[in-house]
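Participant: Below: one structure in structure tokens.
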Amino acid sequence: MSPSRTLGTSEDYFNMRQSNLFGKTLREAPKDETTINAKLLIRAGFINKLTAGVYTYLPLGWRVIRKIENIIREEMEKVGGQELVMPVLHPKESWQITDRWDTVDVLFKLEGWESKELALGPTHEEVVTPLVKKHIQTYKDLPLYLFQIQTKFRKEKRAKSGLIRNREFLMKDLYSFHKSEADLDEYYEKMKEVYWRIFKKVGIGNETYLTFASGGTFSKFSHEFQTPAEAGEDVIYICQECRQAINQEIRPEVKNCPNCQAKQFKETKAIEVGNIFKLKTKFSESFDLYFVDKHGTKGLVQMGCYGIGLGRLMGTIVEVFHDDKGIIWPKAVAPFSAHLLQLGNESKIKAAAEKLYGRLKKQGVEVLFDDRQDKTPGEKFADADLIGIPLRVVVSEKSLAQKSFEFKNRNEKKIELVPVDKSLTRIKS
């Protein structure tokens, strides 16, 4: 790297030559993978499996994660969320305060310095509650909304299904703090709408269902957002009248739809892509998290939590959007906007492809340029379908003879010839 070049510039982010891309496509999926998302993401060079439930995000995969992350972050900030990052290492004492050290079976426990026992954080109530206690005194400090996008660790007995169930994973969790149950209820309803916006933006809004689930000891119900897929580990029942759903875990207790009272349901497997939960005073009581109201009376802070697994969401998108050739990324989360293919190494073809690539870079268009000289046209087409970028642009001897480039959307069969002088505008649009 030259001294004048820095990481993170727009040129670094927006473009990539496929000849330099770290992570190669595979002709066959690993034999030990059974789910669509695992097979395609590994084959297409988005992720690499280190061990069961633990994956490396390769450059293509990390670009998708960053797109998802930015969508989530923008929506969290719109509703007042302030971003922070909390520790992964949690002291045993914090989990003993909530009586969860011996009851949460997914805790990774380890011995630290001077025989101090620690856990790798699977969730952060035991960290965020005492943290907030240091900063909240009166009702004027409330409400408060804190979120992070953090690595979590869970000692899953059966880590499987690609990115759907992992032992190490990225998660967005937001915690809300309120002076009254009514204020918590209002924010909880607002977060339902926020989650719908997120799932619509990443492309799965029409395929996802708000699902009633167990509220545990906190409330009658919590809510999950479930997307039907064969790789799903949950079973949900979708109301045929209002599209609400209920989780199998509460089906024996709930005969009618909690939303419209209808009795007709459709059973399907589904992936939980998000959840929202009213914690109420469970953790504020454990940590003595009080505030003083305007009358000078002490009250326990009401809490809510709201989670989305980024990797799981990425895997779900692949489960929903694919065909027999590969992935079909929705535009908002695709690693690149356009896939430029150079077919042939003749000087005229190479010059035309390089010129278009250069113009796209200058315009800030996210483009993956397949400039590989050792691949046949068939191999390049196969890789383009596998990787699944929304728009494919082909520069070939055939297209140049008609003073055009070939355009094809990944989710369509139609191939269109676009004049060279109009190509840049079409790609940008």
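Laboratory data are not the source of any read-out in this text; all were calculated from the coordinates shown. Please read these numbers as outputs of a predicted model, since none were measured by experiment. Note: ideal-geometry Cβ built from the backbone for every residue, glycine included; neighbour counts use all protein chains shown.
Participant: How big is Rg to Rh over the chain, alpha-carbon atoms, Rh as the Kirkwood inverse-mean-distance radius? Write down the numbers at each step before the final one.
Facilitator: On the way: Rg = 24.7 Å, Rh = 24.0 Å.
Checking Rg against Rh, the ratio lands at 1.03.
Participant: Filter the trypsin sites (Lys or Arg not before Pro) in segment 295-374 to those in DSSP coil with at most 15 other Cβ atoms within 10 Å of their Cβ, and list the result.
Facilitator: Answer in residue order: K325.
Participant: Have a look at D102, D173, D323 and tell me which one the Gaussian network model of the chain (Cα, springs below 10 Å) gives the largest fluctuation.
Facilitator: Maximum fluctuation in the GNM of the chain, among the listed residues, is at D102.
Participant: Taking the Cα centre of the chain as the origin, how large is its charge dipole in debye, to the nearest 20, when only Lys and Arg (+1) and Asp and Glu (-1) carry charge on their Cβ atoms?
Facilitator: That gives a dipole near 1320 debye.
Participant: Using the crude model of +1 on Lys and Arg Cβ and -1 on Asp and Glu Cβ, and no other charge, please compute the dipole size for segment 152-305 relative to its Cα centre, in debye to 20.
Facilitator: Once rounded to the nearest 20, the dipole reads 340 debye.
Participant: Hey, any idea what the orientation-averaged projected area of the convex hull of segment 157-268's Cα atoms comes to, in nm²?
Facilitator: That works out to 8.6 nm², a quarter of the Cα hull's surface.
Participant: While we're looking at this one, here's another question. Of W101, V79, W113, which is farthest along the charge dipole of segment 32-323 in the positive direction, counting Lys and Arg as +1 and Asp and Glu as -1 at C-beta?
Facilitator: It is V79, whose Cα lies furthest towards the positive end.
Participant: Continuing with the same structure: Can you tell me the orientation of helix 347-362 relative to the chain, as the angle in degrees between its alpha-carbon axis and the longest Cα principal axis, to the nearest 10?
Facilitator: That works out to roughly 30 degrees.
Participant: Here's something else I'd like to know. Please report, in debye to the nearest 20, how large the charge dipole of segment 336-428 is about its Cα centre when each Lys and Arg carries +1 at its beta carbon and each Asp and Glu carries -1 there.
Facilitator: That gives a dipole near 380 debye.
Participant: What ranking of H322, H124, H339 emerges when the number of other C-beta atoms within 10 Å of each C-beta is taken as an exposure proxy, fewest first?
Facilitator: Result, fewest neighbours first: H322, H124, H339.
Participant: Right, another one. To test your reading of the geometry: what angle, between 0 and 90 degrees and rounded to tens, separates the Cα axis of helix 181-202 from the longest principal axis of the chain?
Facilitator: Relative to the chain, helix 181-202 is tipped by roughly 10 degrees.
Participant: Could you pull out every Cys in the chain that lacks a partner Cys with its beta carbon under 4.7 Å away?
Facilitator: C305
Participant: Which Rg and Dmax, in Å, describe the Cα atoms of segment 201-330?
Facilitator: 18.3, 66
Participant: Please report, in whole Å, how far the alpha carbons of segment 325-401 spread along each principal axis, starting with the longest.
Facilitator: 34, 29, 21
Participant: Please name which of G215, L174, Q302 has its Cα lying farthest along the dipole of the chain towards the positive end, using unit charges on Cβ (Lys, Arg +1; Asp, Glu -1) and the Cα centre as origin.
Facilitator: Checked the options; the winner is L174.
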